[in-house]
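A.B. asks: Just passing along the structure, written as structure tokens.
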Amino acid sequence: MSDLFWKAVKSFLFRSSELLYGFLPRRAVLKFYAYLAYIFRAIAWRAACRFYGPRMAQYRGDISSFILSNIDAGSSVLDTGCAEGNLTRLIASKAGRVVAVDIDKGYLDMIDKNDVRLKNARFIAGDIMDIDFGEIFDVAVLVHTIEHLPDPDAVLRKLARIARKLIVETPDEESDWLTKILRDLGIDELGDDKHTKLYDDVSLTAALERNGWRDVVAFKGYGVVRAVSRSKAVDKETHETVKERSR
């Protein structure tokens, strides 16, 4: 469609919003447009992920270097909430083996399992809380997933039992103005992209530390909060095993 068409649409929407202020309370108008913006933002995000595929990483700040710098070559990685597998491909380029999990089988069905970049990746559809992996991973990745979980503490505790290291990225509570406005207006986010909880660097650190993680390094950037931490339980178990073998 031409630029002229979109300019006309934009002009119409702006003018109609001003007209609504003349007939409806300002709060009602704000609720309507805020929720509409939330819906279209979620749809645009998914559409972009599907259109760009693995190239979507270039529109997400320095997430590629952040993740790869915290994964050792040849390590085993659990990608939790992998969606269409865009970051799974990135992780698989350095890891020795990747297990990618998503509760929505529809996302996994869209992934080309014959993609040579995923030859060392295995995909599992299901709730991570119900899956017995039967192994300890070197790294667990939780990127834009924790904010959607109904019980994030439970997931963090489980990951602390099956992974030595955790990489987290989640929207920065202080930067996500739209979600804050929705909550202030009493609008509950619905659908697959519902944010059940938002974090800043302090609250994310606290969540990790109370759920079995130590040496937490949390920081902000590109509108997100990131953290890297180590499991208390797995480190202790590894240490005790080494002691036993040395006797």
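The values are calculated or read from the model by the stated rules, or taken from the named source; none is laboratory data. Given the structure is predicted, the values throughout are model-derived calculations rather than measurements. For neighbour counting, all protein chains shown are included, and Cβ atoms are generated from backbone atoms with ideal geometry for every residue, glycine included.
A.B. asks: All but one of (1) farther than 18 Å from Asp176 by Cα; (2) exposed (fewer than 13 other Cβ atoms within 10 Å of the Cβ); (3) at pLDDT 85 or above hold for Arg55; state the number of the condition that does not hold.
C.D. replies: (3)
A.B. asks: Another question, then. Looking only at helices (runs of 4 or more DSSP H) that fall completely inside the range 138-247, which ones have 1 or more residues that are hydrophobic (A, V, I, L, M, F, W, C), under 22 Å from Asp79 (Cα atoms) and modelled with pLDDT of 95 or more?
C.D. replies: On the way: elements: 152-162, 177-184, 201-209, 232-246.
Qualifying helices (runs of 4 or more DSSP H): 152-162, 201-209.
A.B. asks: Let me ask something else. Taking the options Arg157, Arg117, name whichever one is among the charged types (D, E, K, R) and surrounded by fewer than 16 Cβ atoms within 10 Å (Cβ to Cβ). Working first, answer last.
C.D. replies: Numbers: Arg157 fails: surrounded by fewer than 16 Cβ atoms within 10 Å (Cβ to Cβ).
Just one listed residue meets the conditions, Arg117.
Each row is one residue, and each column tells you yes or no for (1) surrounded by 18 or more Cβ atoms within 10 Å (Cβ to Cβ); (2) under 19 Å from Thr145 (Cβ atoms).
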| site | (1), (2) |
| --- | --- |
| Glu18 | no, no |
| Ala48 | no, yes |
| Phe51 | no, no |
| Ile71 | yes, yes |
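A.B. asks: Return the total of residues in the range 141-165 being of a type in the set (S, T, N, Q) and more than 13 Å from the chain's Cα centre (by Cα).
C.D. replies: 0
A.B. asks: Another question about this same structure. Being of a type outside the set (A, V, I, L, M, F, W, C) and either over 15 Å from Arg226 (Cα atoms) or surrounded by fewer than 17 Cβ atoms within 10 Å (Cβ to Cβ) (or both) narrows it down to one of Asp172, Asp176, Asp130, so name that one.
C.D. replies: Selected residue: Asp130, the only one of Asp172, Asp176, Asp130 that is of a type outside the set (A, V, I, L, M, F, W, C) and either over 15 Å from Arg226 (Cα atoms) or surrounded by fewer than 17 Cβ atoms within 10 Å (Cβ to Cβ) (or both).
A.B. asks: Just to check your reading of the model, which residue among Val228, Val202, Val216, Val224 is of a type in the set (Val, Ile, Thr), loosely packed, with under 15 Cβ neighbours inside 10 Å and over 15 Å from Tyr38 (Cα atoms)? Step through it out loud before you land on a result.
C.D. replies: Working: Val228 fails: loosely packed, with under 15 Cβ neighbours inside 10 Å; Val216 fails: loosely packed, with under 15 Cβ neighbours inside 10 Å; Val224 fails: loosely packed, with under 15 Cβ neighbours inside 10 Å.
Selected residue: Val202, the only one of Val228, Val202, Val216, Val224 that is of a type in the set (Val, Ile, Thr), loosely packed, with under 15 Cβ neighbours inside 10 Å and over 15 Å from Tyr38 (Cα atoms).
A.B. asks: So is Glu135 of a type in the set (Asp, Glu), crowded, with 19+ Cβ neighbours inside 10 Å and at pLDDT 85 or above or not? Show your work before the answer.
C.D. replies: On the way: of a type in the set (Asp, Glu): yes; crowded, with 19+ Cβ neighbours inside 10 Å: no; at pLDDT 85 or above: yes.
Answer is no for this residue.
A.B. asks: Inspect all residues belonging to the range 111-120 and state whether any of them is over 19 Å from the mean Cα position of the chain (by Cα), of a type in the set (Val, Ile, Thr), within 29 Å of Ile187 (Cβ to Cβ) and modelled with pLDDT of 85 or more.
C.D. replies: Looking for residues that are over 19 Å from the mean Cα position of the chain (by Cα), of a type in the set (Val, Ile, Thr), within 29 Å of Ile187 (Cβ to Cβ) and modelled with pLDDT of 85 or more, one finds none in the range 111-120, hence no.
A.B. asks: Quick check, is Ile91 touching an Asp or Glu at 6+ places or on another chain (Cβ under 9 Å) and either in a loop (DSSP other than H, G, I, E, B) or touching a residue at least 40 places away in the same chain (Cβ under 8 Å) (or both)?
C.D. replies: So Ile91 passes the test.
A.B. asks: Can you tell me which residues in the range 52-64 are under 18 Å from Arg117 (Cα atoms) and either over 16 Å from the mean Cα position of the chain (by Cα) or not aliphatic (A, V, I, L, M) (or both)?
C.D. replies: Of everything in the range 52-64, those that are under 18 Å from Arg117 (Cα atoms) and either over 16 Å from the mean Cα position of the chain (by Cα) or not aliphatic (A, V, I, L, M) (or both) turn out to be Tyr52, Gly53, Pro54, Arg55, Gln58, Ser64.
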